[in-house]
Amino acid sequence: MSYTGDVAKGGPADVRELPGLTISKIEVGDFGNNAYLLRCTETGDGLLIDAAAEPDRLLELIGDRPISSIVTTHRHQDHWLALADVARATGAEVVAHPLDAPELPVEATRTVGHGDTLNVGEATLDVVHLRGHTPGSIALVYQGSHVFTGDSLFPGGVGNTQKDPERFNQLFTDVVERIFDRLPDETWVYPGHGKDTTLGAERPSLPEWKARGW
């Protein structure tokens, strides 16, 4: 079966095989959080995006193959409830943006900013700083056509900025300039909650998002 990104709490992972990288997506916790396990197809090294909840399920997903990193996309608690347990069990480095890292339950062993890269074995992820949902929200881009956006971009709009015009304008500008202006329409979007989308599906709605202010 082909990957759709449609997952449900307690259900199986949806798995996507890409050149150089395998992506496994599951839903965990009470807030519909997505967690993504990325594995290098050459070395087997792994990276987990958002240890959001249900550490036992995340550790079952990881299995007996090591992961080198756990990336937290932003400071909100629903994205790191299982972080301490998974980090302790795996020994993986804890990665976050320096503006959000102090809010995590464990110390970040590595901080990253806009333009940095993360390695998963032989695969490389580009770090994109998207300011607005939180000060230190980040997205990860693989091969210029796959982007893990945390809570900064979803089907239908950018992330919640609590009706703050300044924060919305900052997030909207960052998402347009750093995601939509740089990546092609076929780019697949893997958000922090809910269903996946593509930039091509969302791009026509950008003027509407800007006009409504959320």
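Here, each number is a calculation from the coordinates, and none is a lab measurement. Model, not experiment: these values are computed from the prediction. Note that each Cβ is placed from the backbone with ideal geometry, even for glycine, and that neighbours are counted across all protein chains shown.
Which one of Arg178, Arg167 is part of a helix (DSSP H, G or I) and within 16 Å of the chain's Cα centre (by Cα)?
Values: Arg167 fails: within 16 Å of the chain's Cα centre (by Cα).
Step by step, each of Arg178, Arg167 is checked, and only Arg178 is part of a helix (DSSP H, G or I) and within 16 Å of the chain's Cα centre (by Cα).
Across the range 158-199, what is the total count of residues that are more than 24 Å from Tyr3 (Cα to Cα), out of contact with any helix residue (DSSP H, G or I) (no Cβ under 6 Å at 6 or more places or on another chain) and of a type in the set (S, T, N, Q)?
Qualifying residue count, the range 158-199: 5.
Does the range 85-109 hold any residues that are surrounded by 14 or more Cβ atoms within 10 Å (Cβ to Cβ) and either acidic (Asp, Glu) or not in a loop (DSSP other than H, G, I, E, B) (or both), and which are they?
Within the range 85-109, Asp85, Val86, Ala87, Ala89, Thr90, Glu93, Val94, Val95, Ala96, Asp100, Ala101, Glu103 qualify.
Check the range 113-122 and report whether any residue there is over 14 Å from Thr73 (Cα atoms), out of contact with any strand residue (DSSP E or B) (no Cβ under 7 Å at 6 or more places or on another chain) and either polar (S, T, N, Q) or part of a strand (DSSP E or B) (or both).
Within the range 113-122 (the criterion being over 14 Å from Thr73 (Cα atoms), out of contact with any strand residue (DSSP E or B) (no Cβ under 7 Å at 6 or more places or on another chain) and either polar (S, T, N, Q) or part of a strand (DSSP E or B) (or both)), the answer is yes, since at least one residue qualifies.
Which residue pairs have Cβ atoms under 9 Å apart, sit 6 or more places apart or on different chains, and have a first residue in the range 172-197 that is closer than 19 Å to His129 by Cα and a second that is outside any loop (DSSP other than H, G, I, E, B) and of a type in the set (Lys, Arg)?
Phe172/Lys210; Val176/Lys210; Phe180/Arg203; Trp188/Arg16; Tyr190/Lys25
Could you grab me the full set of residues in the range 200-214 that are of a type in the set (A, V, I, L, M, F, W, C) and closer than 19 Å to Arg131 by Cβ?
From the range 200-214, those of a type in the set (A, V, I, L, M, F, W, C) are 201, 206, 209, 211, 214; that's our starting set.
Those that are of a type in the set (A, V, I, L, M, F, W, C) and closer than 19 Å to Arg131 by Cβ: Leu206, Trp209, Trp214.
In the range 16-47, which residue that is touching a residue at least 60 places away in the same chain (Cβ under 8 Å) and basic (Lys, Arg) is surrounded by the fewest Cβ atoms within 10 Å (Cβ to Cβ)?
The residue in question is Lys25.
I need a count of the residues in the range 62-84 that are crowded, with 17+ Cβ neighbours inside 10 Å and over 25 Å from Thr43 (Cβ atoms). Full working, then the answer.
Filtering the range 62-84 down to residues crowded, with 17+ Cβ neighbours inside 10 Å leaves 62, 67-76, 78-83.
Filter once more, keeping what is over 25 Å from Thr43 (Cβ atoms): 74-76, 78-81.
Qualifying residue count, the range 62-84: 7.
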